[in-house]
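Only one structure is covered here, and it is reproduced in the block below.
The values are calculated or read from the model by the stated rules, or taken from the named source; none is laboratory data. Just so you know, these numbers come straight off a predicted model, no measurement behind them. Every residue, glycine among them, receives a Cβ derived from its backbone with ideal geometry; neighbour counts consider all protein chains shown. Just the protein is used for accessible areas: all its heavy atoms, side chains included, with ligands, DNA and RNA removed. Shrake-Rupley method; radii C 1.70, N 1.55, O 1.52, S 1.80 Å.
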Amino acid sequence: MVDTPAVEEPFSPASGRTNPAKKETWFGHPRQLARLFTTEMWERFGYYGMRALLTLYLTKHFLFSDQQATGLYGGYTALVYLTPLVGGFIADQYLGSKRSIKFGAILMALGYFTLAFGGSAAKPIATIDGQRYEVVRDNFVDRPTSDPNEARFIVDGGQKLLIRGNDDGSVSLLNNGQEARRLAKGTVEFGGERDPLTLTIMLIALSLVSVGNGFFKPNISTIVGALYDQGDRRRDSGFTIFYMGINLGSIGGQLLCPFLADWLGWWAGLSLAGVGMLISYALIQFDGGRLDGYGERPADAKNRDVAIYICALLAVPVFVFLFSNLMNATEAEPGSGFIGYLASLPLMGKLLFGTFIIAVPGILAWSFAKGTKQEAQMMTAAMILIVFNVFFWTLFEQAGSSLTLFADRNTDRSVFGLFSMSAPQTQNFNPISIVIFAPLMSLLWLGLAKRGLEPSIPVKFSIALVGVGAGFLFLVLGTTFAGPENNWQVGLWWLAGLYLIHSLAELCISPVGLSMITKLSIARVVGLMMGVWFLSISVAQYVAGVVAQFASVETVGGQVTNLKVSLDTYAATFTTIAWIAIGAGVVLFLLSFPLKKWMHGVK
């Protein structure tokens, strides 16, 4: 997960802090930390519970193709990590952290409950040589986990012809097990008939969550930082406790929301995410005065609350437009090259890439012009690490898209033959690994530091990149043991192993990123550099959706037509991105020696 608020934040006018030393303590920390811990835990319960379901919701309920679903998922998560830049600024200058958190919580709850509306499932259709055919589904359940006996048929002349994909990409239509018709690759197009109103409601829901997250996410971390005076040694351990709240909420949401969605329907799992968000809101709204003096409106700020709330609501249709533009994007013409690819990008892609491509060299040029030689070198080191940060999160964030689809289609999710996990629940291997191994990794770094052997920040980044690649290669190794005898599915523990390796890699990069930026940046632009850091994560989320599209496979009404083809597609895609990650890690390791010099002692 990218949620690591471990950064020593400078005093903010929105913090309104008081002296915590005079207050009661909770395990040696300010008492207010317990309420903020619980608030964040329930907010992350809702966010990760919904996120675990989203890709499957798009492919199975709305019948989007893999390419459409993973692209939309990437665009949504990109906005989720971009909006906090604006939300944090608004809180600092006008609302204060507490008002921002409460408003964001309300918007996110509305988004989850709106997403739960769903409407009736989309109707599967097939188009063959320009003629449209009805597709019927036997044993169909509108749930995250399909019935193993589910089958898809094309109705042609009153006959129900079973659809079977072939290894060469063609499609066979079977009548009582005999091939009645074979459709060459590219001559049949499967899709879904969706109600336009229901589709618009779904996009409004995603937009509400994106805007609400911008108000909520950055500001609760600000209040945590405000509990401690500058130099208070409890700060780091306080953020560590807070981070545990994030992971516990993630585990609960990714366990219970998919469970309810399978038991009662999508509406139940998504509504539970909304309930978690309401609990989070209530903990701040009805705090019994425990947070008085923290996160209040800046003393010199004018009350512009109504105007801000209206502008935030007006951003929702703008986001709906961005999502619609993303869904309707067309591919670049063959042979048009990189320029053609950039021109074909949806508006969201152009905005993200354009801002990032301008910001990185622009800030560096300013650093060399206005800063000292040492400051310019430190800023260069920071920017190089920011670029490699995009590589890491692009591949790590396959969890919610291509890896979830892989878990649904090509993974035997049986746990020791006792019970079976649902595909969304497999995402829990990450936060569980973090909870178990974060303290151990912390002790490892401390032990190495005492011996003068702790790796530098660039080396930790390079280890993380190699690690994320190694995780994919581990899963690819598991695919070699899949065959027709096990329905082209890998064992669950191969996927669990990938998440374990990825989690260890995450612990090499995530806890040090924000702190590194504050230490390497020129003081006059530290806020801007924090913005570029979060922009890099937003870009990575978007690119993660693009990468996941390379693992797209053909589906009929949400069901893969040939599991061997899907397994081969995933294995090929994961192999490619694994070696890209390892190559990037090796390059960064070689760069770590000059980077360490340019960092001038920053650790």
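Below are the figures for this structure:
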| quantity | calculated |
| --- | --- |
| Residue selected from segment 360-381 under the condition at pLDDT 90 or above and of a type in the set (Gly, Ala, Ser), by the criterion surrounded by the fewest Cβ atoms within 10 Å (Cβ to Cβ) | Ala369 |
| Flag for Asp236 being under 23 Å from Gly96 (Cβ atoms) and of a type outside the set (Phe, Trp, Tyr) | no |
| Selection from segment 111-140 of residues that are within 12 Å of Gly557 (Cβ to Cβ), in contact with an Asp or Glu (Cβ under 9 Å, 6 or more places away or on another chain) and among the β-branched types (Val, Ile, Thr) | Ile125 |
| The lone exception for Val587 - which of (1) buried (at least 18 other Cβ atoms within 10 Å of the Cβ); (2) more than 30 Å from Ser221 (Cα to Cα); (3) more than 22 Å from the chain's Cα centre (by Cα) it fails | (1) |
| Residue in segment 500-507 that is of a type in the set (Ser, Thr, Tyr), under 27 Å from Ile436 (Cβ atoms) and buried (at least 22 other Cβ atoms within 10 Å of the Cβ) present | yes |
| Unique residue being among the aliphatic types (A, V, I, L, M), modelled with pLDDT under 95 and buried (at least 21 other Cβ atoms within 10 Å of the Cβ) when the list is Ala78, Ala21, Ala14 | Ala14 |
| Qualifying residue in segment 113-133 (condition: under 30 Å from Glu43 (Cα atoms), open to solvent by 70 Å² or more (accessible area, probe 1.4 Å) and of a type in the set (S, T, N, Q)) | yes |
| Which listed residue is over 26 Å from Val560 (Cβ atoms), open to solvent by less than 20 Å² (accessible area, probe 1.4 Å) and modelled with pLDDT of 95 or more, from Leu465, Leu495, Leu475 | Leu465 |
| Conditions (1) assigned to a strand (DSSP E or B); (2) in contact (Cβ under 8 Å) with a residue 12 or more places away in the chain; (3) open to solvent by 40 Å² or more (accessible area, probe 1.4 Å): number failed by Arg143 | (1) |
| Residue match in segment 338-355 (condition: open to solvent by 10 Å² or more (accessible area, probe 1.4 Å), free of Cβ contacts under 8 Å to residues at least 60 places away in the same chain, assigned to a helix (DSSP H, G or I) and more than 30 Å from Ala551 (Cβ to Cβ)) | no |
| Hits in segment 81-110 - residues which are on the phi > 0 side of the Ramachandran plot and either out of contact with any Asp or Glu (no Cβ under 7 Å at 6 or more places or on another chain) or part of a helix (DSSP H, G or I) (or both) | none |
| Near pairs, Cβ below 6 angstrom, 6+ apart or cross-chain, from segment 28-51 (outside any helix (DSSP H, G or I)) to any residue that is modelled with pLDDT under 95 and open to solvent by less than 10 Å² (accessible area, probe 1.4 Å) | His29/Gly238; Pro30/Pro20; Pro30/Leu227 |
| Hey, Ser271 modelled with pLDDT of 95 or more and out of contact with any Gly (no Cβ under 8 Å at 6 or more places or on another chain) or not | yes |
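Residues are listed down the side, and each one gets a yes or a no for (1) buried (at least 24 other Cβ atoms within 10 Å of the Cβ); (2) under 15 Å from the mean Cα position of the chain (by Cα); (3) in a loop (DSSP other than H, G, I, E, B); (4) modelled with pLDDT of 95 or more:
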{"position": "Met383", "(1), (2), (3), (4)": "no, no, no, no"}
{"position": "Phe392", "(1), (2), (3), (4)": "yes, yes, no, yes"}
{"position": "Phe396", "(1), (2), (3), (4)": "yes, yes, no, yes"}
{"position": "Leu403", "(1), (2), (3), (4)": "yes, yes, no, yes"}
{"position": "Phe406", "(1), (2), (3), (4)": "yes, no, no, yes"}
{"position": "Asn428", "(1), (2), (3), (4)": "no, yes, no, yes"}
